[in-house]
Amino acid sequence: MSDLYVLVHGAWHTGAEMEAVAGHLRAAGHAVHCPTVKGNNAGDDRSQVGLSDAIASISDYIASHNLTGIRLVGHSYGGMVISGVADRSPERIARLVYVNAFVPMKGQSLNDQVPPHYIALFDAVAAANNNSVTLPFEIWRDAFINDADLALAKAAYAKLNPHPYRTFTDKIELTRDIAELPIGKSYVNCQQDTAMPHSMPWHPRLSERLGLFRLVECPGSHEMFFSNPERLAVAIMEAGRD
């Protein structure tokens, strides 16, 4: 059976970095869209873009392409975006799929869900870079893509772009918590992901906020979109199926 997937990337990425996984989903017979969230396009003013702008850009993309019955997939920061989209347009979505992604409660920001040392790093970087943030390679290498060799880690890092910091600090506006939405929900947990310390894990700390949900686990780092897209595509299909 052919399903419709919309893959929403995380911070520092664009839709282009989702294409490797999208290719495997298409090879399995599915239709896939990989939009770039506002704030991560080349010409976007990263000092001005906030979380509501990012959410609106994906809601508008879905509406302009008249997409329905969507498996809406969010990676990392993309969990903030798909949560907002689902709150605005639940009738267009068949299932939400969070891939080691943030699951906000009403009125929470992304920064409310990360450890203090990340906030200190982001604050300092944003203050020196017109309110945009990047990751130092050393953190990227060990915490985000620890299942790749050095050459792949460097090649992937070169594709990243500065991210609008307001999308991390803005509080999300939801009419209800995600667990209350009458939509199927899944969480993909990549087991070697150390982007969040294991004392503050993605699963079950954030996944349990979905209420009733399907859990799919697979080996890999936070950046399986680069390091093992074929395996991640399988996990996403397991999470997205009816």
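The values are calculated or read from the model by the stated rules, or taken from the named source; none is laboratory data. Worth saying up front: this structure is predicted, and the values here are computed from it rather than measured. Glycine also receives a Cβ, built like all others from the backbone with ideal geometry; neighbour counts cover every protein chain displayed.
Screening ALA11, ALA31, ALA27, ALA42 for residues that are touching a strand residue (DSSP E or B) at 6+ places or on another chain (Cβ under 8 Å), surrounded by fewer than 17 Cβ atoms within 10 Å (Cβ to Cβ) and more than 20 Å from THR175 (Cβ to Cβ) leaves exactly one candidate, ALA31. Under the condition of being in a loop (DSSP other than H, G, I, E, B) and out of contact with any Leu (no Cβ under 8 Å at 6 or more places or on another chain), the residues counted in the stretch 9-22 number 4.
Conditions (1) of a type outside the set (A, V, I, L, M, F, W, C); (2) at pLDDT below 95; (3) more than 25 Å from ILE93 (Cβ to Cβ); (4) in a helix (DSSP H, G or I), marked per residue:
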| site | (1), (2), (3), (4) |
| --- | --- |
| THR167 | yes, no, no, yes |
| THR175 | yes, no, no, no |
| VAL188 | no, no, no, no |
| GLN192 | yes, no, yes, no |
| PRO197 | yes, yes, yes, no |
| ARG205 | yes, no, no, no |
| GLY220 | yes, no, yes, no |
| PHE225 | no, no, no, yes |
| LEU232 | no, no, no, yes |
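Output the residues belonging to the stretch 165-219 that are among the β-branched types (Val, Ile, Thr) and either closer than 30 Å to SER47 by Cα or over 15 Å from the mean Cα position of the chain (by Cα) (or both). Full working, then the answer.
Initial filter on the stretch 165-219 (among the β-branched types (Val, Ile, Thr)): 167, 169, 172, 175, 178, 183, 188, 194, 216.
Of everything in the stretch 165-219, those that are among the β-branched types (Val, Ile, Thr) and either closer than 30 Å to SER47 by Cα or over 15 Å from the mean Cα position of the chain (by Cα) (or both) turn out to be THR167, THR169, ILE172, THR175, ILE178, ILE183, THR194, VAL216.
No other residue among SER47, SER2 is surrounded by fewer than 15 Cβ atoms within 10 Å (Cβ to Cβ), touching a residue at least 40 places away in the same chain (Cβ under 8 Å) and over 22 Å from PHE144 (Cβ atoms) apart from SER47.
Using the structure shown, decide if GLY74 is part of a helix (DSSP H, G or I), closer than 24 Å to GLN192 by Cβ and in contact with a strand residue (DSSP E or B) (Cβ under 9 Å, 6 or more places away or on another chain). Criteria not met by GLY74. Condition first: basic (Lys, Arg), without any contact (Cβ under 8 Å) to a residue 40 or more places away in the chain and farther than 21 Å from ASN111 by Cβ. Now tell me which residues in the stretch 185-228 satisfy that. The answer is ARG214, and nothing else.
Looking across the stretch 23-44, the residues that are without any contact (Cβ under 8 Å) to a residue 40 or more places away in the chain and not in a loop (DSSP other than H, G, I, E, B) come down to ARG26, ALA27, ALA31, VAL32, HIS33. Taken over the stretch 103-141, residues that are at positive phi and surrounded by 15 or more Cβ atoms within 10 Å (Cβ to Cβ) amount to 1.
Taking the numbered list (1) under 27 Å from ALA158 (Cα atoms); (2) surrounded by fewer than 21 Cβ atoms within 10 Å (Cβ to Cβ); (3) charged (D, E, K, R) in turn, ASP60 passes all entries but (1).
The set of residues in the stretch 70-88 being closer than 13 Å to SER57 by Cβ and surrounded by fewer than 24 Cβ atoms within 10 Å (Cβ to Cβ) consists of GLY84, ARG88.
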